[in-house]
Amino acid sequence: MITNTGKDILSKFLLGHTSSYASHIAVGSGAVPLGALDDPITNASIYEQKQNLDFEMFRVPITSRGYVKEDGLTYVVLTAELPTTERYGITEVGIYSAGSNPEAGVADSKLIKSFSSLEGWEQHNQALASAIPNIAYALDSEGDDFIDVTDKFFTVSSDNPTFLYPERVERHEVPRFLDSSIVVRGDSSVINKNNDGNLIPDDTVSSHIHLTGTSLNLDQNAPTDELRLAFSLINKDGDGAEIPGEVRVVIEFTSGEGGDRQYAIMEAVINETVDDIDFDTNRYFVVSRQLQELRKSIGFSWDQVNTIKAYASVVDGDSEISENFYVAFDGLRLENTTSIHPLYGLTGYSVIKTDDASPIIKSKNSSSFVEFRFAFQLDEYSSVS
């Protein structure tokens, strides 16, 4: 689908005001794959208004251009090669007029963290920090689709056999970004709500994961630029009979530990009733927060940040903290939504799926290509749609 931004840039391209309409293909994981009853035409008005992907994983240059004729339509075909090494669960594809936003500079959109085992995350229980174990075997060691791992924190491959049970695939529990995610049990933290509705982790009884020795300077970004957190919810018992009441996640960007630290806190709450979602059909979420929506300490600035903390808590239907669920952190991204360049933008967008409405999996160490097609049809007035 050509976006409204794409129509504007295409008109400038046809007039010779720009040399590029489509130079890169962006691949994302944030959208819910189209179901059997979804009609792309019905979603056309939504796609036209898109200005970026829900959660962009990477962007690659277009290497091949051509056209084909099928069913009375002429398609412009754009093709790019996907990165070889990593695994991706793909649910959305977009066309960009350039590889980056020339207006944004150092404030451009970027991946902040992928929650992979290579980044150096640790589990932190009050004053004690230790390595996060990696689970290299099936999470259900008895082969009964019941996760029996005793650790509250662990890293695991997205290709773990436990994730391959049909019911877990259908609920979209499987992490999508790269091959490794950090999984946090639902009772690892106690996250309360204060009178203002803010999420407050109780550090006297809570554990979390943290990454020290990191830097993140977003002082050049506009207050309306967004942080986007991608994560999935996983049932301990694969039958999915137990439905959570609420998922609470806190990401803290801080200058360290202690009461005198400077911090900015991103909060995420997933609730079926409030958010109009269905835990039975979708367990993969992308939560967006504008930088101005983060709760900050007095005097906070981004150049002070040297530590990122992540807390997760899942409460059951009786509002009790539950060990029967896990949160799999998948990725954290900055999306620049405010630096507008007249010749740059998302020119085409589409949600994609497999035949059974699942993400399209690009496997590790494999060569793959992504193809995006624009359909052109001349009506009786010889206009282009």
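P83 passes every criterion in (1) surrounded by fewer than 20 Cβ atoms within 10 Å (Cβ to Cβ); (2) within 20 Å of the chain's Cα centre (by Cα); (3) assigned to a strand (DSSP E or B) apart from (3).
In the set (1) closer than 30 Å to D219 by Cα; (2) surrounded by fewer than 19 Cβ atoms within 10 Å (Cβ to Cβ); (3) without any contact (Cβ under 8 Å) to a residue 60 or more places away in the chain; (4) touching a strand residue (DSSP E or B) at 6+ places or on another chain (Cβ under 7 Å), T63 fails one condition alone, (1). Scanning the range 196-207 for residues that are outside any loop (DSSP other than H, G, I, E, B), under 26 Å from V274 (Cβ atoms) and in contact (Cβ under 8 Å) with a residue 12 or more places away in the chain returns L199, P201.
Within the range 278-310, being touching a Pro at 6+ places or on another chain (Cβ under 9 Å) and in a loop (DSSP other than H, G, I, E, B) holds for one residue alone: F279.
Residue-by-condition table, conditions (1) assigned to a strand (DSSP E or B); (2) surrounded by 15 or more Cβ atoms within 10 Å (Cβ to Cβ):
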| position | (1), (2) |
| --- | --- |
| K50 | no, yes |
| D54 | no, yes |
| Y67 | yes, no |
| V93 | yes, yes |
| P102 | no, no |
| I112 | yes, yes |
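Selection of the range 307-321 for residues being over 11 Å from Y263 (Cβ atoms) and within 23 Å of the chain's Cα centre (by Cα) yields A310, Y311, A312, S313, V314, V315. A Cβ distance below 7 Å, combined with a sequence gap of six or more or placement on separate chains, defines the contacts here; from the range 267-283, residues that are over 11 Å from I243 (Cα atoms) reach no residue that is surrounded by fewer than 15 Cβ atoms within 10 Å (Cβ to Cβ) and acidic (D, E).
Just so you know, in the range 257-284 the residues that are touching a strand residue (DSSP E or B) at 6+ places or on another chain (Cβ under 6 Å) and not aliphatic (A, V, I, L, M) include one that is modelled with the lowest pLDDT, and it is R261.
Could you check, for the range 321-337, whether at least one of its residues is surrounded by fewer than 21 Cβ atoms within 10 Å (Cβ to Cβ), assigned to a loop (DSSP other than H, G, I, E, B), at pLDDT 95 or above and of a type in the set (G, A, S)? Yes, that holds for at least one residue.
Restricting the first member to the range 88-112 and to residues that are touching a residue at least 12 places away in the same chain (Cβ under 8 Å) and under 15 Å from S29 (Cα atoms), and the second to residues that are crowded, with 22+ Cβ neighbours inside 10 Å and among the charged types (D, E, K, R), the beta-carbon pairs closer than 6 Å and six or more apart or on different chains are G89/R176; L111/R333. Under the condition of being closer than 19 Å to A80 by Cβ and at pLDDT 90 or above, the residues counted in the range 14-29 number 9. Checked against (1) hydrophobic (A, V, I, L, M, F, W, C); (2) part of a helix (DSSP H, G or I); (3) in contact with a Leu (Cβ under 6 Å, 6 or more places away or on another chain), I46 meets all criteria but (3). Note on the range 244-264: residues that are in a strand (DSSP E or B) and of a type in the set (G, A, S) total 1.
Quick grid of which residues meet (1) outside the structural domain of W121 (by TED's automatic domain parsing); (2) farther than 24 Å from A357 by Cβ; (3) in a strand (DSSP E or B):
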position	(1), (2), (3)
V149	no, yes, no
E173	no, no, no
D187	no, yes, no
I209	no, yes, yes
L216	no, yes, no
Q220	no, yes, no
P223	no, yes, no
R228	no, no, yes
E242	no, no, no
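When restricted to residues that are crowded, with 17+ Cβ neighbours inside 10 Å and under 25 Å from N194 (Cβ atoms), the range 274-288 contains 3.
The values are calculated or read from the model by the stated rules, or taken from the named source; none is laboratory data. The structure presented is a predicted model; accordingly, all values stated were derived computationally and were not measured. Glycine gets a Cβ as well: all are built from the backbone with ideal geometry, and neighbour counts include every protein chain shown.
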